[in-house]
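Notes for the one structure printed next.
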Amino acid sequence: MPDVDDLFVEFEATAVPTFRPPGVADVQRRIRDRRRRRGLLTGLLAMMLVGPASALAVAQRADRPEPQPTPTGSQSPTGRLTVRTVTLPGVPGELIDLRFVSARAGWSLVDTCVEAGESSQDCRRTVARTVDGGVTWQRTGLPAVPNGLVQLLPVDADTLAVTTRTGYLVTTDGGISFTRHPYQAPPAAVRRAFATPSGLYLGCPPNGMPTTCDRQRVLRVSGGLHFHQPPVTLRSDTENVLVEGADGRLWLTVLEGDRLTVLTSADQGTSWRTLPSVSGARQLALAPDGRDVWLVETARQTRVWRLADDRWQAGPALPSDTEGVAAPGAGLLVVTSAYGGLGFVTGGGYVEVPELRGPLRMPDLDTSVGVLPDGTVAVRHGRTWFLGIGRGVDRSWLQFS
C-alpha cells in the first residue's frame, strides 16, 4: 500500500478568533512545519483539492524576512458570512474532511477516530453528499471501514473515491453504491481525481500510481501513455504538475531545486512550448478559465508575474505577510495572511474580506486557499471550511464545521 499521507497532504488548520497576531518565533515555527509537511507533492495537492483546472500556489517562507501584518485596505462590499453545520442525525463522530467540487456539490467525512491515523481501529466512518451548497446532507452507502486511515478523493458531484488501508472504495452514482479496488489497479475514477478535464495526468506506467517509478509519463485516464510526451524529463524527485484551464490549454511545470520550468500546449500535448524562466519563481497559479496565468515566488518573499503575450510581467505588490496565493481570474489574486485573514490583490491594491478576519486568526496554525473549477474560492482552516461564492471581490461567504 502506498503512503497515503505522502500522496494526500491536508488543506489544514483550526478556526479560533484571536485579536493579536502571533509572535515572530511562532510564525517561523509554523513555516518550518509547513515546509516539512508539503515537500514535492504540493502540485498534486492542488489538483486533488481544487480540481485539475486550477493550480494552487502555497507560500513556503522559512528564509524570508520577518513579515509585517497586512495594513487594512479597502473592504469587500458584501460583508456576509453564513454559518452552516454539517448535520447527520444519529451519526457518531466528528467532521474531519470536507471537499467541495463546486459551490453546490461536495462530500463530507465524519469519523469517530479523529487523530489515530493509520493506527485507527474500530472506527465508524460516514460519508455524506450535498448538492445544495451544504444546506442539507445525505448519507451515502459507504461500507464499513473500521481500521486505518480514510481520505476522500472527489471527482464531481456523483463520483468519489475513498482511500482505505487496503485500496479504494469508489462510487459513481452519488454514493448509492460503492465498489472495491486494490491499490495495484486504480479504477478510472481514481485516475480522474488526478487528471485534467480532458483526461490527462502524470503517473507511472502501467497502473498510473504517481510515485512508484523513477520517471513519470503523461497518461490517459482511458488507459495507456499519451500519444505525445513533453520534451522534458519528469523525474520522481522533482515536483511535476500538469493542469488545464477551461480554454483547453495544458500547463506543465517541473520544479528542480530552485529552477521552475514551464511548458504549455494548445493542442492537447501534440506540441509543447517552453516559456521563459523567471528567477525565484516556484509555483504556477492558473485561473479556472485558463486565461489568467501567474508565477509565484515563495522562497524569500512573495512576488508574482502575470503572463502577457508569452512574456512574464511583474504583477502587483503582495502584502509582506502573504502566506497562500491562488488565482480566481480576471486579474485578481486571492491571498491569505500569516497572521490570519484573507483578501484580494487587484491592480488598485489590497481588498480585505472583513468577515473572515476573526475566523482565520489562530497563532499556531496556517490557512490554505484554492479556487474550484467554477470560480468559487475554497479555504480550509483546521476543521473549518469556507467558500467564497460569486465573482471578483464581491462574494458571499459560507462557513462550514
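Every number in this text was worked out from the coordinates using simple rules, so none of it is lab data. Please read these numbers as outputs of a predicted model, since none were measured by experiment. Using ideal geometry, Cβ is built from the backbone for each residue, glycine included, and neighbour counts are taken over all protein chains shown.
What is the order of S320, S177, S120, S108, fewest Cβ neighbours within 10 Å to most?
S177, S320, S120, S108
With just the Cα atoms defining each centre, how far is region 309-383 from region 137-210? Give it in Å.
About 30 Å separates the Cα centre of region 309-383 from the one of region 137-210.
DSSP loop trypsin sites (Lys or Arg not before Pro) in region 260-310 with at most 12 other Cβ atoms within 10 Å of their Cβ, which ones?
Sparse-neighbourhood loop trypsin sites (Lys or Arg not before Pro): R300.
Whole-Hz ³J(HN,Hα) for each residue in region 279-294, computed from phi via Karplus 6.51 cos²θ - 1.76 cosθ + 1.60 with θ = phi - 60°, x for glycine and proline: what do you get?
4, x, 5, 10, 9, 10, 10, 10, 6, x, 6, x, 8, 10, 10, 10
How high is the relative contact order of region 327-401, given as a whole-number percent (alpha carbon pairs under 8 Å, six or more residues apart)?
22
Give, as a single signed number, the net charge of other residues whose beta carbon lies under 13 Å from the beta carbon of E355, with Lys and Arg counted +1 and Asp and Glu -1.
Net local charge, E355 excluded: +2.
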